[in-house]
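Take a look at the structure set out below.
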Amino acid sequence: MNETHAIHSEREPIRALPSNVTFHDLIAANKRKSAMLMVLMVLLLMLIGAFAVAGIVAYGGASSEILIPSAITGALAALGVSIIGALWSFYGGSKAILAMSGAKELPRAADPQLHNIVEELAIAAGIPKPKVFLIPDDALNAFATGRDPEHSAVAITTALRHTLSREELAGVMAHELSHVRHYDIRFAMLMATMVGLIVFVSDAFRRMLWHGGMFSGGSRRSSGGKGGGNPLALILIVVALLLSILAPFLALMIRFAVSRQREFLADAGAVELTRNPEGMIGALEKLGASKAVLDRGNRATAHLYIVNPLKAAKDRHELNSAFRTHPPLHDRIKRLQALIT
C-alpha cells in the first residue's frame, strides 16, 4: 500500500454529501426541478405566442371580441411547437448531438481499459453501462448524453483519453456517469431545445413586426388602418415585443445557472463513485491547463461538456459570469479539495 492509500485508509469515509442526504434524494429532487423548469419554459413560450398573435391581430384592425380567442390560438400553437420539439429532443436529440460532435462508437476490443472503467462505475452507480464513444479531436473534453440511463452514452476526445492517468480517467467518466445517474442528460437536451424554440419564436415575431411595417413605416400604419391607432393593439404589441426581447435572456440565464450547479453535483458524484478526490482534481487541473478548442464545439452543446469547449482565451475556464455554462475550475477544484482536508 503506497503512502496515498495509507493516508486514505486512516481517514473517515469520504462523503460528497451531508449524511442525511442520499443520491436517491438528489435524483428525485433533480427530476422535480427539471419538470418545474420545463413547465416554466413551456409557459413562457405560450405567453409569447399568446401576446404575439393577439397583438398582430389587434394591429391588423380586428375587433376586441376575437382577441381572447386569438391569444388562446397563439398559446396553443406555441404549446404544439414545444411538444413537437420536446419529442424530437427526447427520441432523437442524443443521436444528433453525437453526430454534431463527430463522435464514433468505440468497440470494447479497441479500448478494453476504458470500457472496463465505465462498466465498473456503472455498476457502482446502479445504472446500465452507457455506450462509449470517441471524438477524434486534440482538445481535452468529454460529455454524456441520452434521455435516461437505459439510453445513454459517454464520449471522450482522443486527446483527453491519452492524457489522463487511470485514476483521472475514472474521475472524468464518473463525472459523466453522475450526469446520467442524475438525469441531467435528459434535462440538458430538453432545456436546450426549449431555449432554442423561445429564441426562434421571439426572433420570428420581431421580424414579422419589422416586415409588417410596425417599425418601418409600412403601408398599414401610413394609410391609417384600424389597428394603427388602436391603444389596445399598441399595448399588446409592446408587451409581446418586451417578452420577445427578455424571454430569451431569461431562458438562457435559467439554463446557465442550472448547468453550473449540476456541474458541482456531478463532481461530488464522481467522488462518491470513485472514492478518490485526487483523481478528479488531477483531471480538472489538466483540463484547465489545455488551451485547445474543440473543433466541433458550439453554443448549442457547450453546456454538455465537462469544461467549456469554446474560446481559447487564457482564462476561459476561470471566468465567473451569469452567462457561463460552467463554474470556474478553481471553484470546482476547491470544493473537491475540501473533501480530503
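Quick notes on this one:
- Radius 14 Å from Cβ of Leu246, net charge of other residues (Lys, Arg +1; Asp, Glu -1): 0
- Peptide ranges 106-113, 272-279 listed from the most packed, as the mean C-beta count within 10 angstrom indicates: 272-279, 106-113
- At most 14 other Cβ within 10 Å, DSSP loop - GluC sites (Glu not before Pro), segment 126-196: Glu150
- Taking the DSSP bridge list for segment 21-340 and keeping only pairs wholly inside it, about 65 percent are antiparallel.
- Note that segment 21-340 carries a Kirkwood radius of 21.3 Å, evaluated over its alpha carbons pair by pair.
Any read-out appearing in this document is the output of simple, stated calculations on the displayed coordinates, not a laboratory observation. In this text the structure is predicted, and so the values were computed from the model without any measurement. Ideal geometry is used to build each Cβ from the backbone, glycine not excepted, and the neighbour counts take in all protein chains shown.
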